[in-house]
Amino acid sequence: MNKVLMILLALLTVVCLAASPILLTHSNMLPEKATAYYELKAYNESMSAEGPEAELMRMLLGTAPAPAVEPFSPAFSWYGMILAIGSAAALVFLFLCARIRRDLQPALTWTGLLAVPFGLIGARLVYCLCSLPFYVKDIAAPEAMLKVWEGGLSLSGALIFVGLAGLLGAKLGKASAGEVLHAMTPSLCFLIGAAAIASRTVTMGYEPEMAEGILTISINGTSRLDTAWLVIVLVYAVLLAGSLLMKKTSLTAASRFALYVFLYGTVMILLESLRKDGHMVWGFVHAEMVFDLCFALPALLYLARTRARILLSLLFTALLAGAVVALEFALDRAAIGDGLLYAVYVAVLAAYLFWGYVCAKRAKAA
């Protein structure tokens, strides 16, 4: 039975990877284009409906021109292609790890087969939940949530569900969950790097503006900071920093993974602040920033261990959340220079990172 299930999962994984370049776009077409599309759909339905109410609607809309918009259809996208290549590279690395770690081979094999469908489902599900008012109220078309080709993915959602695939893979392979998650870390970095590179293929604006150079990208003739490179560099810097912090330590595999997650979540709060593309924005705060904090906090609490350090971690996290909201508000509406605000941003996050290092060091000592 296990062999049959593994074969089916392998086929599903191949199908998902093959379909990604055609189905996966990015949400830069939402909500403006999608709103117009569903306005056109409602217009056409009102013009073809029958009954007195429909006749009245036609009288009201008869002189109004139909909204001009091209209908959505699945089409090749470099965004989906790069994500597919990155996911395939992550799987190859995971299976190589499985060959090295014989004790984890069944668990990592299950994880690899589950990760791709889980990641796609999680990326779309989290995006749709964050954009629920748009689908339910703005365009009144909840069924559009199933249309992945209309755009909308969440990296945090993908990472969460890939992590769930790791936990399920560990259970099916009868291995330590901490060991499996820790072994997945390099593959997760491949996925994050691919998502950052893929973001360059769509119209996504970044701030603050910089002079033309290797770290900038031209968007509609405007040179802006290209955070794709920063994401890649900082993710691998986090991996290196975590490895150096844990060098010759007695930290368990689960604690090592927790430290990676804490470092990643914390630095990504700053990087998400640089995004100005309107993707999953709640007011003046990006939804992904909230998710990044939700990555960092549980990992920090796991490392804190003692009641006193847990309480201090909760306090520091509350202070960090308040500071981030205040800084985002200031960046959005205040006349204070962005350079000064981002300097404060970095200082606040650096203090939070230092506290995480203290907790990891105490966990190592214990």
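Full extension of the segment from F329 to V344, taken as 0.36 nm per residue of separation minus the current Cα-Cα distance, would add 4.1 nm.
Rounded, prolate or oblate: which fits the range 81-122, taking a ≥ b ≥ c as square roots of the Cα gyration tensor eigenvalues, rounded meaning a/c under 1.5, else prolate when a/b beats b/c? It is oblate, given that a/c is not under 1.5 and a/b is not larger than b/c. Put in order of Cβ neighbour count within 10 Å, fewest first, the listed residues V344, V267, V285 become V344, V285, V267. Ordering W355, W78, W149 by the number of other Cβ atoms within 10 Å of each residue's own Cβ, fewest first, gives W78, W149, W355. Going from the residue with the fewest nearby Cβ atoms within 10 Å to the one with the most, K174, K361 rank K174, K361.
Laboratory data are not the source of any read-out in this text; all were calculated from the coordinates shown. For clarity, every value in this text was computed on a predicted model and none was experimentally measured. Methodologically, a virtual Cβ is constructed for each residue, glycine included, from the backbone with ideal geometry; neighbour enumeration extends over all protein chains shown.
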